[in-house]
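Accompanying notes for the structure given below.
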Amino acid sequence: MMSLMLICALLPVVAMAAVSNAGCGSTKACFKSPEGCTLYTDCTFFLSYVDNAEMSAVDFEMLADRSGTDGSGWAGVGFSTDKSMGSDSVVMCMKPASEEGAVQTAFTTGTTNALTGTDGLSNGVVTVTNNILECSFTRNYSINGNANFYDIESTSYYFLIGTGPITSGTPTEHEDYPCASDMKLDITSKDDIMCSDAHHSSEESNNVAIMSPAAHLIIFMCGLVMALFY
Ligand code: HEM
């Protein structure tokens, strides 16, 4: 009896963010990178989510291999209307080098990512073991009156999934472009999440869109000059 009480008393202390791929495809939706990888063997990134209707929320798990770093860093998921960074409602799991891990919301404006706090989040746990960052948290569907905390139940979004460093306590640019889910995701789905090429930022895309006709005109003019004079 005494030992049972001791175990119960210790439980909150040993809370782990242990991520599991049990139930992928049947009880939860999973994203694995590289595709088909095995957790704790060759996955460099993993994300899963499952609807938690009782709490009007969604339970998330993430794992990011931070090998080659001091183990600090962030792993994040952004909910996006397009496949670009900018105007995304984000959740970041962060583990600065010498501080406790933390889970926070953020909102991106262009390619700037601003942390916004912990409203709408619960059960956040971040751990790093052997440079593997693991995280679990529960995100409410929505927050009344907070338009930057997207309602992921009534609207489907692309998921932008990435990882990057923490520099002087602040999450900074991802080493690689985060991946974007190939379709907008329904939070009740259990299907595997496929990743497609993420677009560059909205601002960059706009610049490319503005530049394109000019670039085409220059190429056309060069072609014309060469055809006339050579
Ligand atoms: C389609 C996916 C994304 C693309 C193509 C993208 C692209 C970029 C680019 C080009 C920058 C550099 C900005 C500069 O130096 O001016 C940047 C910065 C950054 N991105 Fe992304 N991004 C994407 C998604 C995300 C997501 C989902 C997050 C968070 C979970 C994120 C977090 C950051 C952070 C923290 C920075 C550093 C800028 C800052 O301090 O705010 N990005 N991104």
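The values are calculated or read from the model by the stated rules, or taken from the named source; none is laboratory data. From a predicted model like this one, the values you see are computed outputs, not experimental measurements. Counting neighbours? That spans all protein chains shown, and the Cβs are built from the backbone with ideal geometry, glycine included.
Right, Ile161: in a strand (DSSP E or B) and aliphatic (A, V, I, L, M) or not? For Ile161, the condition - in a strand (DSSP E or B) and aliphatic (A, V, I, L, M) - is met. Residue check: Tyr177 meets all listed conditions (1) near the ligand (Cβ under 9 Å from one of its atoms); (2) assigned to a strand (DSSP E or B); (3) touching a residue at least 12 places away in the same chain (Cβ under 8 Å) but one, namely (2).
Let me spell it out: the conditions are (1) at pLDDT 95 or above; (2) more than 16 Å from Tyr49 (Cα to Cα), and Met92 meets all of them except one. Which number is the exception? Status for Met92: all satisfied but (2).
Across the stretch 154-165, which residue is farthest from Gly78 (Cα to Cα) among those that are more than 9 Å from the ligand (Cβ to nearest atom) and out of contact with any Asp or Glu (no Cβ under 9 Å at 6 or more places or on another chain)? Here the answer is Ser154. Of all residues in the stretch 97-153, those being assigned to a loop (DSSP other than H, G, I, E, B), more than 16 Å from the ligand (Cβ to nearest atom) and closer than 25 Å to Ser67 by Cα number 6.
Here the condition is being surrounded by 12 or more Cβ atoms within 10 Å (Cβ to Cβ), modelled with pLDDT of 95 or more, of a type in the set (Val, Ile, Thr) and in contact with a strand residue (DSSP E or B) (Cβ under 8 Å, 6 or more places away or on another chain); of Ile152, Ile143, it holds for Ile152 alone. Consider the stretch 87-96 and keep the residues that are within 11 Å of the ligand (Cβ to nearest atom) and outside any loop (DSSP other than H, G, I, E, B). The one that is surrounded by the most Cβ atoms within 10 Å (Cβ to Cβ) is Cys93.
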